[in-house]
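The values are calculated or read from the model by the stated rules, or taken from the named source; none is laboratory data. Bear in mind that the values here come from a model prediction, so they are computed numbers and not experimental data. Cβ: placed from backbone, ideal geometry, glycine included. Neighbour counts: every protein chain shown. Ligands, DNA and RNA are excluded from the accessible area calculation, which covers all protein heavy atoms including side chains. Shrake-Rupley method; radii C 1.70, N 1.55, O 1.52, S 1.80 Å.
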Amino acid sequence: MDNSILTRDIQEKLILVDEEDKEIGSVDKLESHIGDGLLHRAFSIFLFDPDGKLLIQKRSPTKMLWPMYWSNSCCSHPRSEESTNKAANRRIQEELGVKTNLKFLYKFIYRAKYEDVGTEYENCWVYVGNFNGFVDINTDEISDYRFLSPSQLTNDMQANPEIYSPWFKLEWKHICKNFQNELPGRN
């Protein structure tokens, strides 16, 4: 594992929040994810191409939690004193080389433990956006990517749930149930 990547990531300050998403402080990224985790703000982005296919990514093998799992287009955390909207736009550029308008859908709290390594305990803001162009992935973050139609993704998640990150499965189920008409290309 590239220690410079790990060092950069663990020294990043994240936003601690309470159950109502009120900011209550900041914490090093590593500290927020060890043990049972500390509730912090995060976001997930779902980018759709003009054909209505979702861009999904396979997480880098250097990720502390859920390495080499398939996940949504982009997921990360706002930094201390950074808005979630600004952070989401920053990360799609850093991870995918993409600029687009994002639409906020909803937020939710979840907790998921990864083996004996650590825990995601997040108040996650979920966004969707259109994507039309080329992907320039950051290989420090992403090992692979692909585009799937909503039905292909749903079928594959049902057949192979063990290859997808837990937040991605929760978010996709919620989006399919509650936000079908909000997805790009569906209006």
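How about the range 142-187: which of its residues are in a loop (DSSP other than H, G, I, E, B), surrounded by 17 or more Cβ atoms within 10 Å (Cβ to Cβ) and at pLDDT 95 or above?
Result: 165, single match.
I need a count of the residues in the range 78-102 that are open to solvent by 10 Å² or more (accessible area, probe 1.4 Å) and either at positive phi or touching an Asp or Glu at 6+ places or on another chain (Cβ under 7 Å) (or both).
Of the residues in the range 78-102, the ones open to solvent by 10 Å² or more (accessible area, probe 1.4 Å) are 79-83, 85-86, 89-91, 93-94, 97, 99-102.
If we keep only those that are either at positive phi or touching an Asp or Glu at 6+ places or on another chain (Cβ under 7 Å) (or both) as well, we get 79, 81, 97.
Residues that pass the stated criteria total 3.
A quick yes/no check of all residues on (1) assigned to a loop (DSSP other than H, G, I, E, B); (2) modelled with pLDDT of 95 or more; (3) touching a helix residue (DSSP H, G or I) at 6+ places or on another chain (Cβ under 9 Å); (4) surrounded by fewer than 18 Cβ atoms within 10 Å (Cβ to Cβ):
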{"position": "25", "(1), (2), (3), (4)": "no, yes, no, yes"}
{"position": "37", "(1), (2), (3), (4)": "yes, yes, no, no"}
{"position": "41", "(1), (2), (3), (4)": "no, yes, yes, no"}
{"position": "46", "(1), (2), (3), (4)": "no, yes, yes, no"}
{"position": "51", "(1), (2), (3), (4)": "yes, no, no, yes"}
{"position": "56", "(1), (2), (3), (4)": "no, yes, yes, no"}
{"position": "65", "(1), (2), (3), (4)": "yes, yes, yes, no"}
{"position": "75", "(1), (2), (3), (4)": "no, yes, yes, no"}
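For the range 11-41, what are the residues that are of a type in the set (A, V, I, L, M, F, W, C) and either more than 25 Å from residue 128 (Cβ to Cβ) or in contact with a Ser or Thr (Cβ under 7 Å, 6 or more places away or on another chain) (or both)? Reasoning before the result, please.
Kept after step one, since they are of a type in the set (A, V, I, L, M, F, W, C), are these residues of the range 11-41: 14-17, 24, 27, 30, 34, 38-39.
14, 15, 16, 24, 27, 30, 34, 38 - these are the residues of the range 11-41 that are of a type in the set (A, V, I, L, M, F, W, C) and either more than 25 Å from residue 128 (Cβ to Cβ) or in contact with a Ser or Thr (Cβ under 7 Å, 6 or more places away or on another chain) (or both).
So for the range 42-65 (the condition being over 30 Å from residue 148 (Cβ atoms) and either β-branched (Val, Ile, Thr) or without any contact (Cβ under 8 Å) to a residue 24 or more places away in the chain (or both)), does at least one residue qualify?
Restricting attention to the range 42-65, the residues satisfying the condition of being over 30 Å from residue 148 (Cβ atoms) are none.
No, every residue in the range 42-65 fails to be over 30 Å from residue 148 (Cβ atoms) and either β-branched (Val, Ile, Thr) or without any contact (Cβ under 8 Å) to a residue 24 or more places away in the chain (or both).
A quick yes/no check of all residues on (1) within 27 Å of residue 33 (Cα to Cα); (2) without any contact (Cβ under 8 Å) to a residue 40 or more places away in the chain:
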| position | (1), (2) |
| --- | --- |
| 87 | yes, no |
| 94 | yes, no |
| 150 | no, no |
| 156 | no, yes |
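Would you confirm whether any residue within the range 121-130 is surrounded by fewer than 18 Cβ atoms within 10 Å (Cβ to Cβ), at pLDDT below 95 and not aromatic (Phe, Trp, Tyr)?
Let us first name the residues in the range 121-130 that are surrounded by fewer than 18 Cβ atoms within 10 Å (Cβ to Cβ), namely 130.
Filter once more, keeping what is at pLDDT below 95: 130.
Filter once more, so that each one left must be not aromatic (Phe, Trp, Tyr): 130.
Checked the range 121-130: at least one residue is surrounded by fewer than 18 Cβ atoms within 10 Å (Cβ to Cβ), at pLDDT below 95 and not aromatic (Phe, Trp, Tyr).
Checking residue 71 against (1) in contact (Cβ under 8 Å) with a residue 60 or more places away in the chain; (2) within 17 Å of the chain's Cα centre (by Cα); (3) open to solvent by 50 Å² or more (accessible area, probe 1.4 Å), which single condition isn't satisfied?
Here residue 71 meets the rest and fails (3).
Can you tell me which residues in the range 141-161 are aliphatic (A, V, I, L, M) and within 19 Å of residue 66 (Cα to Cα)? Let's see the steps before the verdict.
If we filter the range 141-161 for residues that are aliphatic (A, V, I, L, M), which is where we start, we get 142, 148, 153, 157, 159.
142, 153, 157, 159 - these are the residues of the range 141-161 that are aliphatic (A, V, I, L, M) and within 19 Å of residue 66 (Cα to Cα).
Mind checking whether some residue in the range 107-115 is in a strand (DSSP E or B), over 25 Å from residue 181 (Cα atoms) and open to solvent by less than 30 Å² (accessible area, probe 1.4 Å)? Let's see the steps before the verdict.
If we filter the range 107-115 for residues that are in a strand (DSSP E or B), which is where we start, we get 107-114.
From the residues that got through so far, the ones that are over 25 Å from residue 181 (Cα atoms) too are 111-114.
Among the residues that remain, those that are also open to solvent by less than 30 Å² (accessible area, probe 1.4 Å) are: 112, 114.
So far as the range 107-115 goes, yes, one or more of its residues are in a strand (DSSP E or B), over 25 Å from residue 181 (Cα atoms) and open to solvent by less than 30 Å² (accessible area, probe 1.4 Å).
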